[in-house]
Structures are given as C-alpha cells and as structure tokens.
Amino acid sequence: MALYLLYEAASGYSLFLAHGIDEIGQNTDAVRSSVSDLNRFGKVVQLTAFHPFESALDALNQCNSISEGVMTDELRNFLEINLPKVKDGKKPKFSLGLAEPKIGSHIFEATKIPCQSNDFVLELIRGVRLHFDRFIKDLKPGDLEKAQLGLGHSYSRAKVKFNVNRVDNMVIQAIFLLDTLDKDVNSFSMRVREWYSWHFPELVKIVNDNYLYAKVSKFIEDKSTLSEDKLPELTDIVGDEDKAKEIIEAAKASMGQDLSPIDLINVQQFAQRVMDLSEYRKRLYDYLVTKMNDIAPNLASLIGEVVGARLISHAGSLTNLAKCPSSTLQILGAEKALFRALKTRGNTPKYGLIFHSSFIGRASARNKGRMARYLANKCSIASRIDCFADSSTTVFGEKLREQVEERLDFYDKGVAPRKNIDVMKSAIENTQSKEMETEEVPTEASGKKSKKKKSKAAANGDDMAVDEPAETTNGDAGEGKSEKKKKKDKRKLDQEDQPMEDVNNGHVEEDGAAKQKKKKKSKHENGEDLQAASEVKKKKKKSRSEDTD
C-alpha cells in the first residue's frame, strides 16, 4: 500500500510519496536514524506536488483552519487532483499520512481518503521538515525562514486578539495600584501629621481624617497668622463651625515650636502631594467600578467591585476564575493557612478573600463557614456567566444577591429560601423581556394587527350569537334531561354548603351502601343459579325413573 505524506509548510501545501516501505520495514527507530541522512531519506521519500499560498493572509487562513481541524476548499482540491481516485465499493490502495489527527478525520469524512497519524508517519514528516528546502528547487536560502517568521507572528497576533472593552488585565493592574495607593497614602499622611505636629500639635486631636488634616495644615500654614477672619474659609474646609472655632482657639494657645519659612514650604508641598494622591485614589476607584461593570457585571453586583477585582487578580484572569470550582474560590487568598493546616493536620480555613464581603460579616459566628460556602457557590456561577455569556447584564448578579440575602434570613429567622431553578428561570425571563424592550417594533404593523384581531373577534362574536339559539332548541327538545340536571345541581350546592367532614362521611356511607347493594345482588344471582341447577337434576331423575319402568 502506497503512503502519501501531507506537509503544511509556511509557503504552501506539499505532497510526498514514501515508496518502497513495507509493513515489516516500518521500524520507528530505523527511520529515526535514517532521517538525518538526505541521500538515504531522498531515495524513500519524493515530492509529488506543491501548491504555494497566494499571500500572507491566505497562509494565515489556511493555518487557522488546520489548527481547528477543518479542511479548506483549496486543500480538498489539492488532494483530489494529486491523489489517486477512490472508487466506490472498493478498498483504496493508498493512505495519507498527517501530523494532525483532527484534520485527518475531517478529510476521511469528506473525501473517503484513508488517513493515518502514528509515530512512523511523524518521523517521516520530521524528515520532510528537515530537508524541505532541498525538495523545493525554486526556494532561496532565506525565503523559508522569512515565511515561517511572518506566519508565526501573524498567527500569534490572531490568537491573542480580544475585546478591548473586556480586558481583565486592566482590572488586575487597577486593584494592585489601588492597594498600593492605600498603603502609600496612609504612610504619607502619618508623615504629614508627625511633621506638622512640631508646629501645631493640638490639631491632631481635633482633626482625625488624614485627607482633611493635610488640607487644613496646607490652609493654616503658620499658626500665628490664624485669626477670626479666616473662620468662614476654615468652616468650608472642615464642614463644622464649632470645630473651626476650636482650631482657632487651639492655635492661639498652642505649645508647638515655630518653623522657618523654608520648613513650612516643604510641609505645604508634601501636604499637597498627599492631597493629590488621595484625589487620584478616588478617581482610580471610580475607574475600577466602571471597568468591573463592563467586564464582570454580575460578579460586581453580587459581591462588590473591590472584592470581585481582588478575586480576578488573585486567580490571574476572569477565565481562570470561571474555571475554578466553588471550593477553590472559597479559600482563594488563604493558601498559606490551608497548607499550614494540611501540614500540621489542623483545621483548614473557611474563607479567603470573600471574607471582606459584607455577607460574611453579617452572618453569626456559627454560620460564617456555611455562608462562605454558599457565597462562593454563587460567585462561581456569576463569574462563569460573565466570562462565557455573549451579552453583559446584571440581572443574574442581582438575583444571586437576593438568594444570598434569603440564605441569611434562613440562618437567622428560619424563612425558607426559593429554589435555585426558580430564581434562574425568573432571571432568564427578565433578560428576555429586556431584550424585547430594546428591539424596535414598527407601529404601523402593530396597528394593522390590532385591526385584524378586532375584525376576527367580531366575526367570532357573530358565530357565537348564531350558536346560542341552537343550544336552546336542543334544551327544549330534552326538557326531562334538563330538569334532572337542575335537581343534581341543587344537590351539589347543598352538599357544598355542608362542612367538608360531613361530605366525606356522606361519601363513605354512599360507598358502603353501594357495596351492600352489590353484595345483595350477587347473593340473589347465586340463589337463582342454584335453583335452576336443582330443577335440572330433578328432571333428569324423573326421566331415568320413566325409562326403568
């Protein structure tokens, strides 16, 4: 049986014939040793056909289709032209060797060409790849390397393409920067407090907020210049007139040291930097909220933007978080405690990053573990919906949040929560209704439909009016039946007025009476049968006595 080899190079499709190889000689080790020698390999494998790609874009499309296991029209035409034809009802006398088994199955389904992919074929294709530039005569020394490099870059770029609005890497960087800014702002604020306290130590006890302290210290500058004239401006900064008066009184009787103008300038500049960092931190938080609503709206509405962003950053991406089971998501962020507990055979942690959610804090001490497990389950569902859903919506996240609230009420008050299938059905119905609302319906068509419906309803009403007298005539023909029906209806109304217990007792008594009647009937029928049998016996005896006489 002849063996053909299909090699997909960066420059085009090539078909090779491996002749003179029997099944006995198919030794992988022997082929592996002979592949490096072109003289020995060239006697066994020969080029039969070559089809170059038209352009770099065509090469990229062909490469993508091969990686997905799909045979293109160009490849099908190339194989049908250069391979022997497969006759219907007869076994083919050749086979096609491939490096990818997926595309081999597709080729066999479409063209009935037998394909194989094993170690022996892979070694032969490796030899073809090694000596490919020797088989193609028109190739220059650097052309093949350039084609491979260009195709590799374009193929990698095509695989890395993504939606710009759903880049979870931006969320990861934003949450890292937010955590870093929190630490830096806190440390810088403490430095401002310590530095300015040499000049005005009483201000620390009056103003507790770090950002407000930096703002007040920049406004006051030298405490000796603070007077009642600055009270309105100081009140606007502090937000409380009493606190502003207290600051002015404390500045008059302050025990702090006097600072030189140069030292005051440095303190004011550093306080301005702290204020700028705090304002940038607020803007960064708003940016994180908007990005989370774009990337993971359901996760953000369920557990919050900051906690959801921390989960995504710890997992590496939204896709990795969606692949995690709920048990892994529950302890995400507590890996050290988990491995320490496994090493010392202690109690494993109940929660990781999801502990920062408000649901865990609202649960009682005995129910924190249960709540963490339930919340991790819902977060896993929300992350999978956000990752793999085509359209972004917050309906599922809101419904999952309602479920968590119901579970909290169940632990505290014992109120039974709704089933998950019912909640998901309602969420799907809400999304469908929102989609229907967004679609524009032509008003003229709806008006015509309503007119048609009215005309049909009027026609049906006329038909009903025609049918009613027919029913009354039938009622006149059978007056006896209608009277019986009226009596039965009266009996039913009387029975409904009585209590349910009496009705049940009445049914039991009626059933008993019916059973007794059936028993009596059966007894009477049995008695009649016995009488008939005795009369037959008497007639036979009489006939026998007459015969003897």
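Points to keep in mind about this one:
- Unique match (being under 20 Å from LEU375 (Cβ atoms) and in a helix (DSSP H, G or I)) among LEU284, LEU299: LEU299
- Near pairs, Cβ below 8 angstrom, 6+ apart or cross-chain, from segment 307-327 (part of a loop (DSSP other than H, G, I, E, B)) to any residue that is among the charged types (D, E, K, R): SER317/ASP168
- Checking each residue in segment 389-405 for being of a type in the set (A, V, I, L, M, F, W, C), in a helix (DSSP H, G or I) and under 15 Å from THR431 (Cβ atoms) picks out VAL395, PHE396, LEU400.
- Counting only residues that are in contact (Cβ under 8 Å) with a residue 40 or more places away in the chain and either part of a helix (DSSP H, G or I) or open to solvent by 40 Å² or more (accessible area, probe 1.4 Å) (or both), segment 354-378 holds 15 of them.
- Scan segment 272-324 for residues that are of a type in the set (Lys, Arg), open to solvent by 40 Å² or more (accessible area, probe 1.4 Å) and over 30 Å from ILE220 (Cα atoms) and the total you get is 2.
- Just one of the listed residues (LEU203, LEU212, LEU234, LEU181) is in contact with a Lys or Arg (Cβ under 6 Å, 6 or more places away or on another chain) and either on the phi > 0 side of the Ramachandran plot or aliphatic (A, V, I, L, M) (or both), namely LEU181.
- Scanning segment 35-75 for residues that are within 32 Å of the chain's Cα centre (by Cα) and small (Gly, Ala, Ser), we see that the one that is nearest to HIS131 (Cα to Cα) is SER67.
- Once segment 113-146 is narrowed to residues that are touching a residue at least 24 places away in the same chain (Cβ under 8 Å), open to solvent by less than 80 Å² (accessible area, probe 1.4 Å) and farther than 23 Å from ILE81 by Cβ, the residue that is farthest from the chain's Cα centre (by Cα) is HIS131.
- Only one of ILE125, ILE206, ILE175 that is β-branched (Val, Ile, Thr) and under 24 Å from ASN61 (Cβ atoms): ILE125
- Scan of segment 191-209 for residues that are part of a helix (DSSP H, G or I), in contact (Cβ under 8 Å) with a residue 12 or more places away in the chain and more than 17 Å from ILE262 (Cα to Cα), ordered by number: ARG191, ARG193, LEU203, ILE206
- Here segment 336-353 is the region considered, the condition is being of a type outside the set (Gly, Ala, Ser) and in contact with a Gly (Cβ under 8 Å, 6 or more places away or on another chain), and the residue that is most open to solvent (accessible area, probe 1.4 Å) is ARG340.
- Residues (open to solvent by less than 50 Å² (accessible area, probe 1.4 Å) and more than 55 Å from the chain's Cα centre (by Cα)) located in segment 203-240: ASP222, LYS223, LEU226, SER227, LEU231
- Residue list for segment 243-271, restricted to those being open to solvent by 80 Å² or more (accessible area, probe 1.4 Å), part of a helix (DSSP H, G or I) and of a type in the set (Asp, Glu): GLU246, GLU249
- Filtered by the rule that a residue be open to solvent by 50 Å² or more (accessible area, probe 1.4 Å) and either in contact (Cβ under 8 Å) with a residue 60 or more places away in the chain or of a type in the set (A, V, I, L, M) (or both), segment 163-181 gives VAL164, ASN165, ARG166, ASN169, MET170, PHE176, LEU177.
The values are calculated or read from the model by the stated rules, or taken from the named source; none is laboratory data. Keep in mind the model is a prediction, meaning the values are calculated, not measured. Neighbour counts run over all protein chains shown; Cβ positions are idealised from the backbone, glycine included. Side chains are part of the model used for accessible areas, which takes the heavy atoms of the whole protein and leaves out ligands, DNA and RNA. Shrake-Rupley method; radii C 1.70, N 1.55, O 1.52, S 1.80 Å.
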